[in-house]
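K.L.:
Right, I'll just put the structure down here and ask away after.
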Amino acid sequence: MADIMQDIYSALLVNAVEKNGALAAYDASTTRIREAFEKPLRFSELLKTLGLKAQRLKKVPGKKSLADIPAILITGEISVRLNDFPAFSGGKAR
């Protein structure tokens, strides 16, 4: 989940038409997702929350379609991975 959220965050940073609004939507979504993981929900309720937040983030206007944004591949040992999901760890990366 953290890897996916980091990908979404990165896409918003480089592609959002209005970055501040996009990051506010991201913060609100990650807060709700974190709360859903912290509560003893049924799996179907968790999926519903994830789906609703995915739809919210999908509505953020982008400069280009995601298919048209260049991708970068970074390979290496596990220590190369970026594993910070600020909303889940309670910190802020920005």
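Since every read-out is calculated from the coordinates, none of them should be taken as a lab result. Just so we're clear, the structure is a prediction, and the values are computed from it rather than from any experiment. Quick reminder, even Gly has a Cβ in these numbers, built from the backbone with ideal geometry, and neighbours come from all protein chains shown.
K.L.:
Give the shape of the range 1-72 as rounded, prolate or oblate, defined through the alpha-carbon gyration tensor: a ≥ b ≥ c are the square roots of its eigenvalues, a/c under 1.5 means rounded, and otherwise the shape is prolate if a/b is larger than b/c and oblate if not. Can you show the working numbers first?
P.N.:
Values: a/c = 2.31, a/b = 1.99, b/c = 1.16.
Prolate, since a/c reaches 1.5 and a/b exceeds b/c.
K.L.:
How much net charge surrounds Glu38 when only the other residues with a Cβ under 14 Å from the Cβ of Glu38 are counted, with Lys and Arg +1 and Asp and Glu -1? Display every interim value, and only then the final one.
P.N.:
Numbers: positive: Arg32, Arg34, Lys39; negative: Glu35, Glu45.
Neighbourhood net charge equals +1.
K.L.:
So how do 20-30, 42-52 stack up, highest first, on mean other-Cβ count within 10 Å?
P.N.:
Those peptides, ordered most packed to least, come out 20-30, 42-52.
K.L.:
Still on this model: Which cross-chain or sequence-distant (5 or more) residues have an amide H under 5 Å from the amide H of Gly62, H modelled 1.01 Å from N in plane?
P.N.:
Those lying under 5 Å, H to H, from Gly62 are Val17.
K.L.:
Each residue of the range 60-74 in order: what ³J(HN,Hα) in whole Hz does its phi give by Karplus 6.51 cos²θ - 1.76 cosθ + 1.60, θ = phi - 60°, with x for Gly and Pro?
P.N.:
Coupling constants for the range 60-74: 5, x, x, 5, 9, 6, 4, 5, 8, 8, x, 10, 10, 9, 10 Hz.
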